[in-house]
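The values are calculated or read from the model by the stated rules, or taken from the named source; none is laboratory data. The shown structure was predicted, so the numbers you read here are calculated from the model rather than taken from an experiment. Cβ sites come from the backbone with ideal geometry, for glycine too, and all protein chains shown count toward neighbours. To get the accessible areas, we keep the full protein, side chains included, count just its heavy atoms, and leave off ligands, DNA and RNA. Shrake-Rupley method; radii C 1.70, N 1.55, O 1.52, S 1.80 Å.
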Amino acid sequence: SLSKLQLKTGDLDPRLFSRLRHLQKLDLSDNLLDKFPNSLTLPDLRVLNCSNNNLTDVTGLKQFPLLEELTYENNVYLTLNDDYKVMFLLQNLRLLNGKDITKLANHVRRVNSRKLTSKVTAHWEKFFRDQLPEKHTAEQVKSLRKEFLQSVQTNVVYGPSSLSEFTRWRVKMIAEEFLAYSLGLELNTDPEPEEKMDENEEESTESPREAAEDMSQVGVFFSYIINVTVRSSKRKRNNSKAGAGNKRSKSQAGSREGAAGYPRKSSREDVSAEPLHFLQCHSKGNSREDFKTQLWSCVFEPLPDWGARKDPIVSSSRTVATCGGESVCLIDCETGTVLKKYKVATEEFFSVAWTTLPMVISDSRKKSHNILAAAGRRGIVKLIHVASDFCYGEIKAHKKPIAMVCFSPTQETHLFTASYDKRIALWDIGIPDCDYNFKASQLLVLETVSVPLRLALVPTCPDQYLLAGCEGGCFAWNIKLDKDKKSRPFEALFQFPDEDGGVTTSHRVDGLAFLNDDVIVSKSSKRGCITLWSWSRSFDMRAKGCQRTVAAVVLAELEWSKTDLAYLTLSTCPAKASVFCGDEKGSVWIYHLSSYTTAWSSPKGKRSDKRIPPTQILKWPELQANGEHLSEILINNVVSDPTFTYLVVLTSVNITAIWKKS
């Protein structure tokens, strides 16, 4: 027994352990191990307990071929996919975490392997067999090998999507063996570890108890790839359509770029973003026919090692959370893989938000973990610990739907919820302990005169002021917690120019975001434009006049669609001084404003007299589903990652589009 010794992976010295040739039982529980080093040997090991560690990978266990009993509970990074990996790697394993897995393991080793081998072979025969010339060079073989491995891992699908990571792992292994046999290539017996792709989860997350019980029921869901003809162009207001790209059919999806079903990058130099993926992953009941589910919110996941409070430029991953209908999805923007899916059959999700909490794992040790909050029509906030695929709790925040949730950038447990009950609430969600017990408390209630739609904390004082775009105008509240009042009215209502040359406070503000520390971007007091205005100068006018209604100091107007449709929201990328907004025709309007921000930052900065046109417009590609053209596509939301590498577009027709800056 080497339990509870604070052992790290480096403390397991192969020179020592390789001498324990008759050791049969080993207890390494309650330590700090993140993996097993190679060459521990232990040729006679039969029972291993490594519970309550920080294990992230199980493939190192293959060095213990006689292992019969294995326990690794409470390693939060290990998933169902890892269970299947050890069942395959350890041919003598009978008990896993105290459960008899003999029948399931036999299925994994035999039936699963046979099916996948058949699919890998068929994929080679259909798409790759004729690509290698009779007389070929080593470089051609190397290139084809790389392309085949990438394609086969993307396109060969078998079993529930919750096991997609295990399937990719086995497919790569089988494909390596196939190539070694067919082409005489050297078999890579110790491949580099793959990037972790956790499983999809489709349980009904009503409570921690129900969620835990449902983990045994593996759900199946599909992320459909839609056939697409790409027509994208950089254009000003009235230019003509660009030429069509190559249309790819489903049967042609075997090549490298065909894995996503899209054309190769063309020679169009004027296009700064290329479409990567079009996903239909929020379908109700996993139906291929669902082109009605509205998608509303998406936000990029922070990297937990950096923490949610760090520089966003280096702390954001390429994983994005999206919500719409009854589900929340986590998507890898580069590969188009749906990593996880959470589903509540009676819910319609409107908003998601990330925070990073220092959670206690065991022995009072803390480690940063990402928590996803999701809310919608039922007025309930779901709290999901993503790494362990666990909805550990819920907050019954409002009796009416929640339009938006957002976390404080300085207080990681502080969550704002904006509801159709005309209230904005501030909650402390607490930090769950190792058993996921937590205590949530309401800190503030902000009174609104109309339904709040969008929230924005003031970057220079996020613990003091909150802005909200509402059905009846744009408001500001003092949210400082050292004040006695738990329920507060608004402190300022902002006036904006209207279409008749006057001013108005009564208008729907369905888009609201900060472009930098001072400049606010909002819509829509006037048709056909997006307004940029100064927070500091506008709020200073309130202080001077001691009045609640103040005129917004407008800096500029952006030219935008003249549609009357509401709830087509906007977003910003502060690091690139960019604004994004979709329209009613499926287009994405992009504004790069770095050349204007210096002038605006001056205390007496002059307003831009003319409306600023978009830098470019990404036109929606022509999509076909079941042979029919998809039309009437509204862009509900557009969000970029902090470096503007990926652009995620959410639509009214249950399609998530991912563009990549080229």
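Assorted remarks:
- K610 farther than 24 Å from R508 by Cβ and part of a loop (DSSP other than H, G, I, E, B): yes
- In the condition set (1) outside any helix (DSSP H, G or I); (2) in contact with a strand residue (DSSP E or B) (Cβ under 7 Å, 6 or more places away or on another chain); (3) modelled with pLDDT under 90; (4) not small (G, A, S), E557 is compliant with all but (3).
- Residues of the stretch 613-639 satisfying the condition of being open to solvent by 10 Å² or more (accessible area, probe 1.4 Å), outside any loop (DSSP other than H, G, I, E, B) and within 19 Å of L295 (Cβ to Cβ): A625, V639
- When K366, K382, K340 are checked against the criterion of being under 30 Å from L32 (Cβ atoms) and more than 13 Å from the chain's Cα centre (by Cα), a single residue qualifies: K366.
- Taken over the stretch 405-415, the criterion of being open to solvent by 10 Å² or more (accessible area, probe 1.4 Å), closer than 16 Å to C461 by Cβ and in a loop (DSSP other than H, G, I, E, B) is satisfied by P409, T410, Q411.
- Test for C329: is it under 26 Å from S640 (Cβ atoms) and either in contact with a strand residue (DSSP E or B) (Cβ under 8 Å, 6 or more places away or on another chain) or among the polar types (S, T, N, Q) (or both): yes
- Residue satisfying condition, being of a type outside the set (G, A, S) and touching a residue at least 40 places away in the same chain (Cβ under 8 Å), within set E491, E471, E499: E491
- Within the stretch 49-92, the residues that satisfy the criterion of being open to solvent by 10 Å² or more (accessible area, probe 1.4 Å), under 21 Å from K4 (Cβ atoms) and outside any loop (DSSP other than H, G, I, E, B) are N49, E69, T71.
- Qualifying positions in the stretch 412-442 - polar (S, T, N, Q) and under 22 Å from D484 (Cα atoms): T413, T417, S441, Q442
- With respect to (1) touching a residue at least 40 places away in the same chain (Cβ under 8 Å); (2) farther than 27 Å from A566 by Cα; (3) out of contact with any helix residue (DSSP H, G or I) (no Cβ under 8 Å at 6 or more places or on another chain), the lone exception for T643 is condition (3).
- Unique match (being under 18 Å from A353 (Cα atoms), out of contact with any Leu (no Cβ under 6 Å at 6 or more places or on another chain) and open to solvent by 30 Å² or more (accessible area, probe 1.4 Å)) among P452, P432, P459: P459
- When R378 is tested against (1) surrounded by 18 or more Cβ atoms within 10 Å (Cβ to Cβ); (2) closer than 17 Å to H414 by Cβ, just one condition goes unmet, and that condition is (2).
- In the stretch 98-110, the residues that are open to solvent by less than 50 Å² (accessible area, probe 1.4 Å) and either aliphatic (A, V, I, L, M) or outside any helix (DSSP H, G or I) (or both): I101, A105, V108
- Residue count for the stretch 111-139, restricted to those that are more than 18 Å from F178 (Cβ to Cβ) and assigned to a helix (DSSP H, G or I): 3
- Taken as a whole, the structure leaves N654 outside the set of residues that are in contact (Cβ under 8 Å) with a residue 12 or more places away in the chain and either touching a Gly at 6+ places or on another chain (Cβ under 6 Å) or under 19 Å from P574 (Cα atoms) (or both).
- Here K660 meets each of (1) in contact with a Leu (Cβ under 7 Å, 6 or more places away or on another chain); (2) open to solvent by 30 Å² or more (accessible area, probe 1.4 Å); (3) part of a loop (DSSP other than H, G, I, E, B) with one exception, condition (3).
- Residue within the stretch 83-92 that is outside the structural domain of H369 (by the TED database) and more than 37 Å from the chain's Cα centre (by Cα) present: yes
- Residues that are within 12 Å of R377 (Cα to Cα), out of contact with any Phe, Trp or Tyr (no Cβ under 9 Å at 6 or more places or on another chain) and not aliphatic (A, V, I, L, M), drawn from the stretch 326-347: T346, E347
- Every residue from the stretch 129-147 that is closer than 15 Å to K172 by Cβ and touching a Phe, Trp or Tyr at 6+ places or on another chain (Cβ under 8 Å): E147
- Filtered residue count, the stretch 387-404, keeping only those that are open to solvent by less than 10 Å² (accessible area, probe 1.4 Å) and outside any strand (DSSP E or B): 2
- The residues listed here are L95, L132; of these, the one that is touching an Asp or Glu at 6+ places or on another chain (Cβ under 8 Å) and either at pLDDT 90 or above or surrounded by fewer than 18 Cβ atoms within 10 Å (Cβ to Cβ) (or both) is L95.
- Candidate set: the stretch 344-361, residues that are touching a strand residue (DSSP E or B) at 6+ places or on another chain (Cβ under 7 Å) and in a loop (DSSP other than H, G, I, E, B); chosen: the one surrounded by the fewest Cβ atoms within 10 Å (Cβ to Cβ): A345
- Restricting the first member to the stretch 404-424 and to residues that are small (G, A, S), and the second to residues that are assigned to a strand (DSSP E or B) and crowded, with 19+ Cβ neighbours inside 10 Å, the beta-carbon pairs closer than 6 Å and six or more apart or on different chains are S408/H414; A418/A403; A418/M404; A418/I424; A418/P452; A418/L455; S419/I402.
- Scanning the stretch 18-38 for residues that are modelled with pLDDT under 90, farther than 23 Å from D83 by Cβ and surrounded by 13 or more Cβ atoms within 10 Å (Cβ to Cβ) gives a single hit, S18.
- Single match in L372, L303 (criterion: in contact with a helix residue (DSSP H, G or I) (Cβ under 7 Å, 6 or more places away or on another chain) and modelled with pLDDT under 90): L303
- Residue check: E447 meets all listed conditions (1) acidic (D, E); (2) more than 21 Å from E491 (Cα to Cα); (3) at pLDDT below 95 but one, namely (2).
- Set D518, D510: member being open to solvent by less than 40 Å² (accessible area, probe 1.4 Å), under 28 Å from F349 (Cα atoms) and at pLDDT 90 or above: D510
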